[in-house]
Amino acid sequence: MSYKIGLVGKPSVGKSSFFNAATMNDVPEGAYPFTTIDPAVGEAYVRTDCAAPEFDSECSPNLGYCEDGKRFVPTQLVDVAGLIPGAHEGKGLGNQFLTDLNEADVLVHIVDFSGKTDAEGEPTEGHDPREDIDFLEEELDQWYLGILRKGIERFETAHTTETELEVELAEQMSAFGTNKDEIKQIILGLGLDLDPETWDDADELDLARAIRERTKPMVVAANKLDTPEGQANYAEITDDPEYEDVTIVPCSVHAEKALKNAAEQGVVDYTAGDSDFDIVADISEEQEEGLEQIREFVTEFDGTGVQDALETALFEELGLKAVFTGDASLNWTQGPFPDVFLLPEDATAEDFAYHIHSDIGEGFLHGIDCRSKRQLGKDTVLDHNDVVEVVTTN
């Protein structure tokens, strides 16, 4: 499976530009609301250290690519329609937005930290980015709350001595990828009884929010930080204790797109995610001045932030790990280290086998750690960047 990252936010903050910069596709961009109507889906990449150099080898990727010792692993990126306040009530493209959003495993919320777009995506000055962070979370919470309350109604209607609340709620909210055990854990973790008659409106909202945070983790991409206003807002918000639990990645989509375009034209030597680049062609003074301004930003913030936002979403918020297919004997049949897969943090050797193919999983005997040559049982939890050979009857 390929994990899917959803790009969310109000209109005109740079979502489509982020999508284009990450995927080098060409979806419409514009400084006006609802440039994106239908969701665009493209292939982006996240980086992990390539295992091949440890084995004095060069990898032969089936998917993605390898550059300067970094393996770029494919992931899906979805640019969904812009969200405005009231989306959970169907305002703007709200219903479509929420349907598209539910396809994503994790969200990257693009926020205009320069404060130059208002709540509806129209040009303005001095808008507080905190309002955008808050409004999107509130819209999602209200969306979850509406669905949760339908589950509560189902439970109260069908309530018998054999009816379990967590089963009814999990079935109602199954589209979010949750289950009865997780629902029960969240309810009890909030200190609530397994009886909705004891809950008030605030309890229901707290529960909806907790389920949303668990099933739709989010990273804030602080876009337009290459502006003085953006940097001032970033400094203020990251110092605000009310936002200390919000994962915020400094970002300039403009810088990433400019560097990738320049690299394609042979003007610079730049790899996505790098914190510097080399100018390798003769260019005008004006072009050089523009690139040097970009260099100041990427040096100060350790990159443009586009790559970092994607990797923070998958590796930190979802807690994924990369695992390479290996051959302990190094007798490769299709080229060294052909595949690397992204797996949940608790994935075992047997899970890895099933991830490769269901037939391989069904015939699983054991795994082999290609570094230590140690045999791995089916319940052995794998680590990030492990290299594993699967031994199977199939």
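The values are calculated or read from the model by the stated rules, or taken from the named source; none is laboratory data. All figures in this text were calculated on a predicted structure; none of them were measured in a lab. Virtual Cβ from ideal backbone geometry, glycine too; neighbours counted across all protein chains shown. These accessible areas exclude ligands, DNA and RNA; they are computed on the full protein's heavy atoms, side chains included. Shrake-Rupley method; radii C 1.70, N 1.55, O 1.52, S 1.80 Å.
Quick notes on this structure:
- Around the amide H of residue 268, modelled in the peptide plane, lie the amide H atoms of 263, 280, all under 5 Å away and 5 or more residues distant in sequence or on another chain.
- Each Cα pair under 8 Å and six or more residues apart adds its separation to the average, and for the stretch 209-365 the resulting relative contact order is 18 percent.
- Helix content alone sets the calculated 222 nm mean residue ellipticity of the chain: runs of n ≥ 4 DSSP H residues at -39500 (n - 2.57) each, divided across all residues, give -11000 deg cm²/dmol.
- Exposure ranking of 116, 378, 257 by accessible area [1.4 Å probe, largest first]: 378, 116, 257
- Interchain or long-range residues, amide H under 5 Å from residue 366's placed H: 391
- Remark: the chain carries a charge dipole of roughly 1300 debye about the Cα centre, counting +1 on each Lys and Arg Cβ and -1 on each Asp and Glu Cβ.
- Cross-link partners of residue 321 among lysines (Cα-Cα below 25 Å; sequence separation of 8 or more within a chain): 4, 70, 216, 373, 378
- Solvent exposure of the chain amounts to 46 Å² per residue of accessible area, where only protein heavy atoms count and the probe is 1.4 Å.
- Taking the Kirkwood radius as Rh and the Cα radius of gyration as Rg, the stretch 243-388 has a ratio of Rg/Rh equal to 1.14.
- The stretch 296-345: relative contact order as a whole-number percent, Cα under 8 Å and 6+ apart: 33 percent
- For the chain, built as a Gaussian network whose Cα springs stay under 10 Å, the top-fluctuating residue of 147, 283, 356: 283
- Cα-based shape type of the stretch 319-394, given that a ≥ b ≥ c are square roots of the gyration tensor eigenvalues and the cut on a/c is 1.5: rounded
- Relative contact order for the chain: 16 percent, from Cα pairs under 8 Å spaced at least 6 residues apart, divided by residue count.
- Gaussian network model of the chain, Cα within-10 Å springs - most flexible of 178, 75, 163: 163
- Calculated FRET value between residue 171 and residue 213, using beta carbons and R₀ = 25 Å, to 0.05: 0.75
- Cα-based shape type of the chain, given that a ≥ b ≥ c are square roots of the gyration tensor eigenvalues and the cut on a/c is 1.5: oblate
- Fraction of antiparallel bridges per DSSP, the chain only, in percent to nearest 5: 60 percent
- Euclidean distance between Cα centres, the stretch 170-203 to the stretch 359-394, Å: 36 Å
- Among the protein heavy atoms of the stretch 167-302, carbon and sulfur supply 40% of the accessible surface, probe 1.4 Å, non-protein parts ignored.
- Taking 216, 15, 70 as the candidate residues, the one with maximal mean-square fluctuation in a Gaussian network model of the chain, Cα springs under 10 Å, is 70.
- q = 0.18, 0.21 Å⁻¹: log10 I(q)/I(0) that the Debye formula gives for the stretch 159-274, counting C-alpha atoms only: -0.94, -1.11
- Assuming charge only on the beta carbon of Lys and Arg (+1) and of Asp and Glu (-1), the dipole of the stretch 229-328 about its Cα centre is about 520 debye to the nearest 20.
- Accessible area per residue was computed with a 1.4 Å probe on protein heavy atoms; residue 134 scores about 50 Å².
- Span from the the stretch 299-358 Cα centroid across to the the stretch 222-259 one, whole angstrom: 28 Å
- A Cβ-based charge dipole, computed about the Cα centre of the stretch 262-316 with Lys and Arg at +1 and Asp and Glu at -1, lands at about 220 debye.
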